[in-house]
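Worksheet: the structure to be examined is printed underneath.
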Amino acid sequence: MNILQEKEYFGLLQNSKSVIYVETKNSSIDQFIVNRILKSNKIGEIFSPFFFHPSLSIKDNFNFHCISSGISEEVFDNEFLSIIKNLPRLPKQKCDQNLWDFVAIITFFKAIKGLKILNYFPFPDNSTRFKSLSSNIEIKKLSNIVKQISEENKYVFFTDSLPVKAQYFEQYLVFKEQEFNGCYNDFNEFRTRVT
Amino acid sequence: MHTLTKTSNRILSLILLNFSSMSSNGNMAISYRGIYINFGIIWNTFSPLIIVYAISYIFSIGLRGARGLFDIEYFVFIFLFWINLSTLVQTLLAREINNNFFKFKSYGNILFISIAHIFTSLLQALARFLFTILLIYFFGIEIKLMTLAIGFFLICAFAVLFSYLLKFLFVDSQVFINFTNFFMQALFFASNIIFPITIMPEPLKSYLLFNPIVHINEFLRESYSGIYGGFVDLNYVGLFLLFLFVTCIFVTLMRLELIYKMK
């Protein structure tokens, strides 16, 4: 059921965990599609695979975002900080992919003050990529922090497919390219609409 | 006040990013029994000194038994200042702004990135300068600290304003970057870095004196040699820097769209 008009949803995006489902001919949802839908690029910060500079180490990227956002390291968990502290200075290519993504997303949620926009989220799930989680204690700890963050925080998730854990979101907006097509507050109705 | 803090935080973080990028080159890393040491920043900062010291030494001792052309105590600094200038100009121009990392960030604009890069290069230039002074002092050679400090300050001021101006005028144009690299090499020979202005032929001499770097180099050379040719005019250098400064402000205002450019 459409519960909102186009002009009303921007306000709600700030205060709820939302999915924006985009029916698009493009192969993926990029920055341009996000900006066209939000009508502005200043409404929030997007989490992209380049949120962390791929040629720098995790520790350097973490320090960079802490300084640029003006946040103290104290806002992070001690467990998280001790993991970061012991990491070698290696670029993305030589790092564990899960480790890289988890630290990046945790940093993103703490460092970004405005609306948090994601078109990519390293949700720990049962896919092949996350199978190694049980063998590495540090990555497992980080994955738990990521799970906690995804449950506790408000953010907007852009997708062109039914996202993993979509049922945990509070509202679902549908767009055809950049045109608003409907808004749902019930996952089942949303699923019926998009499948 | 809040905006100022935010801006300074962003510039500070970009400086950190510049230094981190230097150590990201895995070729300068040593990994031994779990200990990982990266010499990237040290190598990037001090590697230009190898060529500076080598050329200065060759020119000071001379070849095939001939007497050296210059005294090493001032030539090394004239050459070092030139290397600092060309490094700053070339690296600032080569710094690409619209890459994947910056385009998603609201502060990935030309002003912040240029300022951060200038500060990074200046810190490196200062480290090279101080290291060379210590080295000269270690060998027991006379140091005219005030003269060198003035030379360093003036060349750095010129390098900052000149590179900032070029960056704002031509942004990431590859053609212009190549042209500038060629121009900088030509300028090396068309200035008084190797040969003093006093031995230049007359028509060339009067043209070269339009270049403020010639005055600064000659100031250093005269202070050390005690032979005054009457060509040095630091007032001209000051006025030239003032002109560059005003032009930089003007160009910044003309190119505000680059600063406020949408992500």
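The values are calculated or read from the model by the stated rules, or taken from the named source; none is laboratory data. Bear in mind that the values here come from a model prediction, so they are computed numbers and not experimental data. Glycine gets a Cβ as well: all are built from the backbone with ideal geometry, and neighbour counts include every protein chain shown. For accessibility, only protein heavy atoms count, side chains too; no ligands or nucleic acids. Shrake-Rupley method; radii C 1.70, N 1.55, O 1.52, S 1.80 Å.
Which whole-number percent gives the relative contact order of the range B:124-263, counting Cα pairs below 8 Å spaced six or more residues apart? Spell out each step's value before the answer.
Details: 68 pairs, mean separation 40.0, N = 140.
So the answer I get is 29 percent.
What number, in percent, do you get for the relative contact order of chain A if the mean sequence gap of Cα pairs under 8 Å and at least 6 apart is divided by its residue count?
On the way: 260 pairs, mean separation 77.5, N = 195.
Here the relative contact order equals 40 percent.
Determine the relative contact order of the range B:203-263: mean sequence separation of Cα pairs under 8 Å and six or more apart, normalised by residue count, in whole percent. Intermediate values should be presented prior to the final figure.
Working: 20 pairs, mean separation 16.8, N = 61.
Normalised by residue count, the contact order of the range B:203-263 is 27 percent.
Run a plain Debye calculation on chain B (Cα atoms as equal point scatterers, no solvent) and give log10 I(q)/I(0) at q = 0.07, 0.09, 0.13 Å⁻¹, rounded to two decimals, same order as the q list.
Reported log10 I(q)/I(0), two decimals: -0.29, -0.48, -0.95.
When the chain is fully extended, how far beyond the present Cα-Cα distance does B:Ile50 get from B:Arg255, taking 0.36 nm per residue of separation? If you can, show how the numbers build up before the last one.
Details: separation 205, 0.36 × 205 = 73.80 nm, distance 3.85 nm.
Taking 0.36 nm per residue and subtracting the Cα distance, the gain is 69.9 nm.
Okay, helix-only estimate at 222 nm for the protein assembly as shown: each DSSP H run of n ≥ 4 adds -39500 (n - 2.57), divide by all residues, round to 500 deg cm²/dmol; what do you get? Present the calculation step by step, with values, prior to reporting the outcome.
On the way: 19 runs with 264 residues, N = 458.
It lands at -18500 deg cm²/dmol.
Multiplying the sequence separation of B:Leu234 and B:Ser31 by 0.36 nm and subtracting their Cα-Cα distance, what value in nm do you get? It would help to have the intermediate numbers written out before the result.
Numbers: separation 203, 0.36 × 203 = 73.08 nm, distance 5.05 nm.
This chain segment gains 68.0 nm when fully extended.
Hey, what angle do you get for helix A:137-152 against the long axis of chain A, alpha-carbon based, 0 to 90 degrees rounded to 10?
Taking Cα atoms only, the helix is inclined about 30 degrees.
What does the extension gain come out to for A:Glu23 and A:Ser55, with contour length at 0.36 nm per residue minus their alpha carbon separation?
8.2 nm
In the protein assembly as shown, carbon and sulfur make up what percent of the accessible area (probe 1.4 Å)?
Values: 14460 of 23360 Å².
Using a 1.4 Å probe with all protein chains present, the protein assembly as shown comes out at 62 percent carbon and sulfur.
Based only on Cα atoms, what mean projected area does the convex hull of chain A have, in nm²? Working shown, then result.
Details: hull surface 45.2 nm².
For chain A, the mean projected area of the Cα convex hull comes to 11.3 nm².
Would you mind getting me the FRET efficiency between B:Leu204 and A:Glu151? Use the beta-carbon distance for r and R0 = 51 Å, nearest 0.05. Mind dumping the intermediate values first?
Values: r = 75 Å, r/R0 = 1.46.
The value I calculate is 0.10.
Kirkwood-based Rg over Rh for the protein assembly as shown (C-alpha set), two decimals? Please report the intermediate quantities before stating the final value.
Details: Rg = 28.0 Å, Rh = 25.8 Å.
A ratio of 1.08.
Rolling a 1.4 angstrom probe over the protein heavy atoms, how many square angstrom per residue are accessible across the range B:75-148? Mind dumping the intermediate values first?
Working: 2940 Å² over 74 residues.
Ligands and nucleic acids excluded, the result is 40 Å² per residue.
What's the center-to-center distance, using Cα atoms, between the range A:44-86 and the range A:171-195 in Å?
If you average the Cα positions of each part, the centres end up 33 Å apart.
At a probe of 1.4 Å, how much accessible area disappears from chains B and A on forming the pair, both sides counted, to the nearest 100 Å²? Don't jump to the answer; show the numbers that get you there.
Values: alone 14960 and 10490 Å², together 23360 Å².
So the buried area, both faces added, is about 2100 Å².
Return one whole number: the accessible area per residue of chain A in Å², for a 1.4 Å probe.
Numbers: 9440 Å² over 195 residues.
Ligands and nucleic acids excluded, the result is 48 Å² per residue.
When DSSP beta bridges are limited to those with both residues in chain A, what percentage is antiparallel, rounded to the nearest 5? Kindly include the intermediate steps, with their values, before the conclusion.
On the way: 5 of 21 bridges.
Around 25 percent antiparallel, to the nearest 5.
Could you rank A:His53, A:His65 by how accessible they are, 1.4 Å probe, largest area first?
On the way: A:His53 35, A:His65 5 Å².
Putting A:His53, A:His65 in descending order of accessible area: A:His53, A:His65.
First measure r as the distance between the Cβ atoms of B:Phe188 and B:Asp71, then evaluate 1/(1 + (r/R0)^6) with R0 = 22 Å and state the FRET efficiency to the nearest 0.05. Walk me through the intermediate numbers first.
Working: r = 20 Å, r/R0 = 0.91.
According to the calculation, E is roughly 0.65.
Can you give me the pair-distance distribution of the range B:159-263, C-alpha pairs, 5 Å bins, whole percents?
2, 11, 17, 18, 17, 14, 10, 6, 4, 2, 1, 0
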